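The block underneath contains the structure these notes are about, expressed in structure tokens.
None of the figures in this text is laboratory data; all of them are computed from the coordinates on show. Bear in mind the structure is a predicted one, so any value in this text is a computation, not a measurement. All Cβ positions, glycine included, derive from the backbone under ideal geometry; neighbour counts span all protein chains shown.
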Amino acid sequence: MFVRTGGDRREFLRVGASGAALAMLGEAPRAALGAGFRAKNERPRLALIGAGGQGTWDAIRAAHFGDFVAVADVHKGHAEKARDSDRVGKKKAEAFEDYRKILDRNDVDAVIIGTPDHWHTKICIDAMNAGKDVYCEKPLTLTIDEGKKLRESVEKTGRVLQVGSQQRSDHNKVFLLAVALVRSGRIGKIKKVTAAIGGGPSGGPFSKETPPPELNWDMWLGQAPKVDYIAKRADPDFRWWYEYSGGKLTDWGAHHVDVAHWGLDKEKTGPTTIEVERAVLPVPYKGGFATVDDCYNTANSFLVRATFADGVPLEIRDDTENGVTFQGEGGRIFVTRDRIDLDGGAVAALYKDPIPESLLRDLRHGKLDDDHMANFFACCGDRGKPASDVWSHHRSLTTCHLANIAIRLGGRKLTWDPEKEAIVGDDEANGFLSRPQRAGFEIVV
């Protein structure tokens, strides 16, 4: 990674995970990767649900720790490709269209979920109810109510649920370092945090088409309203439609807003107000819903301010360099995936005064492995809490969902009660905390 330090003097240091970076983080050893699953006869049996690009990538990483016995995708071609892949199914796994056939099997220990976002919650809950541990891509939920149901499901079943917010583990631990610096007071009292996540595209109008024969379009839609097939509604463009996702606010927000919550120690709470300073939607809206059905409809650009009870504002915006900035009274930290910038005298002594190992372990629930998938399998082995757990992810994603609700309702200010998890004095806005689900696709804990 690149670590940049200094005030007037800008200095770039290239450091590796085993060199200066470890010195800055202390001398903490790596946790055993996939403890309990190293011997061949102990390797877990896995299934992939959602075999598109991201799901397949996750499966390739998971295949280092277990063996795939089944794959499922509503697109026949995706399922068969993953089944036959030398890096996933190895022509030994069975391929299915309906994921429920996988959950009925007794030879599946854990599932990897890489479906579009609107399917995440239902499949996670169904899988945990079937006794499977789950690694699911972010964002975990489509609504705030779904997050509450997932939290209930984890508590009810005792299964491991790792969210694919890999910034808590990967990228040479730059995000862990930034959070540890903030939590240990190295830049003093925090005055403001900025999560820069980029803007979303405009697109459309798109033509309605006949679904390709290898795609079960009705099953793809799942809980969402039944509509005619438009190729741009499906993978990978689904995230630009509120029916299936939340645009950049839940896509990259699931990463950077999560890091902001982590650094501020707000993993068990949320903001008290949401204010939209500016936002642009690509199509007209009325009552919180797009008035056309053939164009992308998530926000193009935005600046939303979420303020916590202690007065610290978190700005979520699209127009500055992608990353998270913590501004403290004694310095500034900017972190993105390829580097961390450290400003101010409070961090100048970092090499002489490393972050205590106890803090690092506490921030990662006791494990310091540097691979997100490895962390999942280690937790499957010892039943520990994963690096990105449902409780913290639900809280950070709630902030993202609230930002979207405020934007969809014309930029109105929302007052949020993080204890009751309700919007105060606004019945219309509270109506967006959940969504109707099509018959046959209801989410049941």
Under-5 Å amide H pairs with ILE340, H placed in peptide plane, nonlocal only: PHE2, VAL3, ARG4
For the stretch 415-445, run through the GluC sites (Glu not before Pro) and keep only the ones in DSSP coil with at most 15 other Cβ atoms within 10 Å of their Cβ. GLU419, GLU442
Please report the antiparallel percentage of the DSSP beta bridges confined to the stretch 40-166, to the nearest 5. 0 percent
In the stretch 376-445, which trypsin sites (Lys or Arg not before Pro) fall in coil by DSSP and have 14 or fewer other Cβ atoms within 10 Å? ARG383, LYS413, LYS420, ARG438
For the stretch 316-409 the mean separation of alpha carbon contacts under 8 Å (6+ apart) over residue count, i.e. relative contact order in percent, is 12 percent
Could you work out how far apart the two model spin labels at HIS64 and LYS413 are, taking each label as a point 7 Å from the Cα in the direction of the beta carbon, and quote it in nm? 4.9 nm
Tell me, what is the FRET efficiency for ASP353 and ARG278 to the nearest 0.05, using R0 = 60 angstrom and their Cβ-Cβ distance as r? 0.90
Quick one: what are the phi-derived ³J(HN,Hα) couplings along the stretch 212-219, Karplus 6.51/-1.76/1.60 with θ = phi - 60°, whole Hz, x for glycine and proline? x, x, 7, 10, 8, 5, 4, 5
Take the Cα of GLU155, step 7 Å along the line toward its Cβ, and report every residue of the stretch 127-149 whose backbone nitrogen sits under 16 Å from that point. 145-149
Rounded if a/c is under 1.5, else prolate if a/b is larger than b/c, else oblate: which is the stretch 295-401, with a ≥ b ≥ c the root eigenvalues of its Cα gyration tensor? oblate
Of LYS101/LYS156; LYS91/LYS149; LYS173/LYS226, pairs whose Cα-Cα distance is over 32 Å: LYS91/LYS149; LYS173/LYS226
For the stretch 147-205, how big is Rg over Rh, using alpha carbon atoms and the Kirkwood form of Rh? 1.13
Show that you can apply the helix-only estimate: for the chain, add -39,500 (n - 2.57) for every DSSP H stretch of four or more residues, divide by all residues, and state [θ] at 222 nm to the nearest 500. -8000 deg cm²/dmol
A correct Karplus calculation of ³J(HN,Hα) over the stretch 182-189, with 6.51 cos²θ - 1.76 cosθ + 1.60, θ = phi - 60°, whole Hz and x for Gly and Pro, returns 5, 5, 8, x, 5, 10, x, 5
From the gyration tensor of the Cα coordinates in the stretch 40-166, what semi-axes in whole Å does the equivalent ellipsoid have, largest first, with each one equal to sqrt(5λ)? 22, 16, 13
Non-local residues with an amide H under 5 Å from the amide H of TRP252, with H modelled 1.01 Å from N and Pro and chain starts lacking one, are none
Of the stretch 136-170, those with amide N under 17 Å from the point 7 Å along the Cα→Cβ vector of LYS268 are 151-152, 155
For LEU221, LEU140, what ranking results if the residue with the fewest other Cβ atoms within 10 Å of its Cβ goes first? LEU221, LEU140
For a test of the definition: using alpha carbon positions, the gyration tensor, and the 1.5 limit on a/c, classify the stretch 383-445 as rounded, prolate or oblate. oblate
Expressed as a rounded percentage, what relative contact order does the chain have, with Cα pairs under 8 Å and six or more residues apart? 23 percent
Which is the longest run of the chain containing none of the chymotrypsin sites (Phe, Trp or Tyr not before Pro) found in DSSP loop states (not H, G, I, E, B) with at most 15 other C-beta atoms within 10 Å? 1-205
Fewest-first ordering of ASP265, ASP67, ASP104, ASP341 by Cβ atoms within 10 Å yields ASP104, ASP265, ASP67, ASP341
Which of the GluC sites (Glu not before Pro) found in the stretch 104-212 are loop residues per DSSP with 15 or fewer other Cβ atoms within 10 Å of their Cβ? GLU209
How much length would be gained if the chain were fully extended between GLU209 and ASP338, taking 0.36 nm per residue of separation minus their Cα-Cα distance, in nm to one decimal? 42.3 nm
Name the long-range amide H neighbours of ALA422: under 5 Å, sequence gap of 5 or more, or other chain; modelled H, no Pro or chain starts. ASP417
Tensor-based shape of the chain (alpha-carbon gyration tensor, a/c under 1.5 rounded, otherwise prolate or oblate): oblate
